[in-house]
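Worksheet: the structure to be examined is printed underneath.
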Amino acid sequence: MAKLKAYDNYKQVEYDYVSQLPVDWELLPNIAIFQERIERGYIEEELLSVTIGKGVIRQAELDKKDSSTLDKSKYLLVHSGDLVYSMRFRQGASGYSIYKGIVSPACTVLRPKRNITINPKYFYYMFRSGFYKNYVERFAYGIADGQIPLRYTHFKRMYSIVPPLKTQNAIVAYLDRKTSKIQEFIHKKERLVKLLEEKINFLVNDDSNWKQEKAKWIFEDITIKNKIDEQLLAVTQDRGVLPKSMCNENFVSPTSFEGLKLVVKNDFVISLRSFQGGIEHSKYQGIVSAAYNIIRLLPEYDNEKNTLFFKYYFKSPKLISLLNTVISGIRDGQNIHWSDFKNIVLPLPDKSVIKIVLDNILTFEKLKNRLHKEKDILKEFEESLITQVVTGQLKVPDATNKEAH
């Protein structure tokens, strides 16, 4: 980014916090650029999803279960090259589609007007910029649990920056390269983390010579209710137990905090999805749904080593498989009760190998935490770069220029 320079000449504009644009750039209302695409009834088309991190992707690429309605007749058709945004536009849920498919009717599908030639992917980058996401907030209504509906009737009144087509193409080519390099770096680091995680899964399950005890001799069932002043916690499969305020997901909030169960630091939570994703560890104190079961290490086993060991053992494929084996008649979304869990046989690590296991776990956690920090820094850099480029503060090299590569 240090090599990029400003454009030679600018003109003054009044557009959110953008006060100047290159002289040959335009500022146009969205109604002059885009038309809403409303085509329904294509129920045989592939289901697409608008995500915060990846833009428009196939629904099949998501890890989560398809929660869409069975009736797809009102779903909106998306063509390759269309732009799509959802109710989470302000959080970054917009994208450029390379697929033909259908999206939820809660989304808005945009196509370029016939009398204007643009590179839609330039606008995809502009919609991702920090300034545009803030700009959206002034036109969005009905904020609910992080969702900010931006109807097309309001979107069309907004303005967008429109460089010459040649410049749009150069910006897209440049940002495609830069963002691809960032994603490639992250992917390599994530692969290292994944390999170490697989090693840990092997170590925590290499228990053939370890002492075995029923869960009820290692853990106790905890039920403490009516702590209404505690923070509300969310139980997730990928991040464990964490404050609801830290979640982007649209978790349903309870109408009353009375009856919710207290969780303290280093408790474990058996959730409605534990038979799919294991049992979750909590680093936080707060309250969770009364439908969940809270378990805690008995005093004689309550130490840092055992807490760390079970944090990973409870997420291992072996334990998840065991939960599905010993619990009969379990249905999607049904809880696993203490009466089901207490007789499961759990391993207690042998002292001769516990240090090896814990050393690998600590290395993994350090690597994972460092990756999170690096991803945050790269995300901030990427958003800053995109914002400066799409607003004309920095000039990218021409796509045919060797400097561009």
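Any read-out appearing in this document is the output of simple, stated calculations on the displayed coordinates, not a laboratory observation. On a predicted model such as this, the values are computed, not experimentally measured, just so you know. Backbone-built Cβ (ideal geometry, glycine too); neighbour counts: all protein chains shown.
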To the nearest 20 debye, the chain has a Cα-centred charge dipole, built from +1 on Lys and Arg Cβ and -1 on Asp and Glu Cβ, of 640 debye
Per the helix-only model, the chain has a calculated mean residue ellipticity at 222 nm (DSSP H runs of ≥4, -39500 (n - 2.57) each, divided over all residues, rounded to the nearest 500) of -10500 deg cm²/dmol
Footprinting proxy, 4, 110: sorted fewest to most Cβ within 10 Å, the residues are 4, 110
Counted neighbours (other Cβ, 10 Å), sorted fewest up, put 179, 117, 108, 167 in the order 117, 179, 167, 108
In region 46-136, taking the dipole from +1 charges on Lys and Arg beta carbons and -1 charges on Asp and Glu beta carbons about the Cα centre, the listed residue (92, 102, 76) farthest towards the positive end is 92
Set 199/368; 54/178; 244/305, cut-off 21 Å on Cα-Cα distance; pairs above it are 244/305
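Quick one: length gained pulling residue 209 to residue 367 fully straight, 0.36 nm per residue minus the C-alpha distance?
Working: separation 158, 0.36 × 158 = 56.88 nm, distance 2.95 nm.
Full-extension gain reported as 53.9 nm.
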Among 280, 184, 61, the residue with the largest mean-square fluctuation in a Gaussian network model of the chain built from Cα contacts under 10 Å is 61
Under 18 Å by backbone N from the virtual spin label 7 Å along Cα-to-Cβ at residue 5, the residues of region 367-395 are 389, 392-395
The exposure ranking of 247, 107, fewest beta-carbon neighbours within 10 Å first, is 247, 107
For residue 179, placing the label point 7 angstrom along Cα-to-beta-carbon and taking region 38-57, residues whose amide nitrogen sits under 18 Å are 49-57
Candidates 121, 395, 181; GNM for the chain (alpha-carbon contacts under 10 Å) flags as most fluctuating 181
Dipole check, region 211-348, charges on Cβ (K,R +1; D,E -1), about Cα centroid: among 284, 317, 217 the Cα furthest to the positive pole belongs to 317
For Cα Rg over 2.2 N^0.38 Å, with candidates (1) 0.92; (2) 1.18; (3) 1.02, the value calculated from the shown model is option (2)
In order over region 369-375: 3J(HN,Hα) from phi, Karplus 6.51/-1.76/1.60, θ = phi - 60°, whole Hz, x for each Gly or Pro, gives 5, 5, 4, 4, 5, 5, 5
Mean-square fluctuation maximum in Gaussian network of the chain, Cα pairs under 10 Å, restricted to 288, 84, 18, hits 18
Cα-Cα longer than 21 Å, checked against 11/395; 181/373; 211/342; 11/133, kept in input order, equals 11/133
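Where does the charge balance sit around residue 312 when Lys and Arg score +1, Asp and Glu -1, over other residues with C-beta under 10 Å from its C-beta?
Working: positive: 311, 315; negative: 197, 365.
The answer is 0.
With charges set only on the Cβ (+1 for Lys and Arg, -1 for Asp and Glu), what does the dipole of region 211-348 come to about its Cα centre, in debye to the nearest 20?
On the way: 18 positive and 15 negative charges, 56 e Å.
The dipole of region 211-348 has a size of about 260 debye.
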Each label sits 7 Å from Cα toward the beta-carbon; between residue 54 and residue 17 the label points are separated, in nm, by 3.1 nm
